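> Okay, here's the structure, questions in a sec.
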Amino acid sequence: MTDRLRDVYVVDAVRTPIGKYGGALAGVRPDDLAAGVLGALVARTPELDPARIDDVFFGDANGAGEDNRDVARMAVLLAGLPVSVPGTTVNRLCGSGMEAVIQAARAIAVGDASIAVAGGVESMSRAPWVLQKPERGFPAAHQQLHSTTLGWRMVNPRMPQEWTVGLGEGAELLADRYGIGRDEQDAFALASHRNAARAWAEGLYDGEVVPVDGVEPARDECIRDSTSTEALAKLKPVFRKDGTVTAGNSSPLNDGAAALLLVDEDGLRATGREPLARIGASAVTGIEPQYFGAGPVEAARRALKKAGREFGELHTVELNEAFAAQALACLRQWPDLDPARVNPRGGAIAVGHPLGASGARLTGAVAHQLAAAGSGTGLATLCIGVGQGLALVLER
């Protein structure tokens, strides 16, 4: 333990292309996805001896299948890193990847580590069905399988029903509360696709996205270059018969992984590289579960206050787009934030939302954007199912 907190730097950040559900990455195990980004990250810093990595933190929202409970340690072994490198897996549902970054940064700040990798992974395509153990042996009746892909399952009967609504219904509740109509949601979704398509066309992701061995595509699979206001307007509501939330203004189900290299001053010298950004403040908050989508509102406010910054000072913001209604509900409550600075390279509606990886993807995206700008303050934030919000401030 040190007498003062150390500065923590993001040296590099990588991610896979994000695959659609049942798409190009569906044949890749989550532990292999995690190992791929871990190996690629280390290979991009050849001066770093991998044995000097003190710990690997990975977020994973599922953990019930091939991610094998501790996918971080599995990734270390599969990536061929020295067996002396440990790994731990954390779960804060959709915030898991960012939680991994925060925990790794905290370990470095207090002197428990000098060099760490943080990231996240999810294969929603390969998420298994699970079967509860019967209360007695040799049951004769049919047994129920539960999907682990997304959302509530095996709900505790003591949970209030208003808390356990589906994620889509939660987005509808926010649309009702903040008067967010269908046209506004569709326009937000269209901008997400256009920003993502433009970023790829301009090569803005070239230094961030690493390929998955033997797998296409080379870019995020859910971006719809040809979508339009008219095409989005034709889609029917998914969660309410008379609702406003559609497949077109919601994030899809996805597969992918992301990883960041974090260091202190000594670790920075060991890499021989200039950092992308410095980790600033973070905050986590809770909210009523059915309004989970508004979780980032207070988390972002608290993180910025800790960092001594205000919304008007932000150069870039990565706000996870679980649903257009959810993201717009947050923006309604941040009047000092310029919407043009939010998700300039596309958001999760277009890029995708592989649950455990998204927080790491957002953090890496902010770091790369700050590096491209040369200076500034950035914010990465996302909502979390069951009512939480997580936010992280980065500086350059």
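> Sort His142, His193, His315 from largest to smallest accessible area, using a 1.4 Å probe on the heavy atoms of the protein chains.
His142, His315, His193
> OK, next. In whole angstrom, how far apart do the alpha carbon centroids of the stretch 354-392 and the stretch 116-147 sit?
Their Cα centres are 29 Å away from one another.
> Using a simple spin-label model with points 7 Å from Cα along the Cα→Cβ vector, what separation in nm is obtained for Lys306 and Arg52?
It is 2.8 nm.
> Given a 1.4 Å probe and heavy atoms of the protein chains only, how would you sort Met124, Met159, largest accessible area at the top?
Met159, Met124
> Okay, next question. Among Gly59, Ala113, Gly95, which residue has its Cα furthest toward the positive end of the charge dipole of the stretch 1-125, with +1 on Lys/Arg Cβ and -1 on Asp/Glu Cβ?
Going by the Cα projections, it comes out as Gly95.
> Here is a follow-up. Under the rule of -39500 (n - 2.57) per DSSP H run of 4 or more residues, summed and divided by the residues of the chain, what mean residue ellipticity at 222 nm is obtained, to the nearest 500 deg cm²/dmol?
Helix-only estimate at 222 nm: -9500 deg cm²/dmol.
> May I pose another question? I'd like the distance between the alpha-carbon centres of the stretch 149-193 and the stretch 208-281, rounded to an integer number of Å.
Cα centroid to Cα centroid, the span is 20 Å.
> While we're on this one: Using +1 on the beta carbon of Lys and Arg, -1 on that of Asp and Glu, and nothing else charged, what's the dipole of the chain about the Cα centre, debye to 20?
640 debye
> Further, regarding this structure: Longest segment of the chain with no GluC sites (Glu not before Pro) in a DSSP loop having at most 14 other Cβ atoms within 10 Å?
Answer from the scan: 203-309.
> On a 1.4 Å probe surface of the protein chains, which of Arg224, Arg158, Arg240, Arg15 comes out largest in accessible area, and what is the full order?
Arg158, Arg224, Arg240, Arg15
> Between Glu169 and Glu202, 0.36 nm times their residue separation minus their Cα-Cα distance comes to what?
Details: separation 33, 0.36 × 33 = 11.88 nm, distance 3.64 nm.
Full extension from Glu169 to Glu202 adds 8.2 nm.
> Anyone know which of Val155, Val215, Val117 comes out most mobile in the 10 Å Cα GNM of the chain?
Greatest mean-square fluctuation among the candidates belongs to Val155.
> Between Glu288 and Ala340, how high is the FRET efficiency from 1/(1 + (r/R0)^6) when r is the Cβ-Cβ distance and R₀ = 30 Å? Nearest 0.05.
Calculated transfer efficiency: 0.50.
> Just one of (1) 176; (2) 128; (3) 154 is volume of the Cα convex hull per residue in Å³ as worked out from the coordinates here. Which one is it?
(3)
> Ok, one more. For Phe57, which sequence-distant residues (separation of 5 or more, or a different chain) have an amide H within less than 5 Å of its own amide H, given hydrogens modelled in the peptide plane?
Long-range HN contacts for Phe57: Thr88, Val117, Ala118, Gly119.
> If you take every DSSP beta bridge whose two residues both sit in the chain, what share of them, in percent to the nearest 5, is antiparallel? Each step should come with its number before you reach the end.
On the way: 39 of 55 bridges.
For the chain, the DSSP antiparallel bridge percentage is about 70.
> Right, here's the next one. For the chain, with the dipole built from +1 on Lys and Arg beta-carbon atoms and -1 on Asp and Glu ones, taken about the Cα centre, which of Gly243, Ser125, Ala281 lies farthest toward the positive end?
Gly243
The values are calculated or read from the model by the stated rules, or taken from the named source; none is laboratory data. Just so you know, these numbers come straight off a predicted model, no measurement behind them. Please note: Cβ atoms are built from the backbone with ideal geometry, for glycine as well, and neighbour counts cover all protein chains shown. Each accessible area value is taken on the protein alone, full model and side chains, heavy atoms only, with ligands, DNA and RNA left out. Shrake-Rupley method; radii C 1.70, N 1.55, O 1.52, S 1.80 Å.
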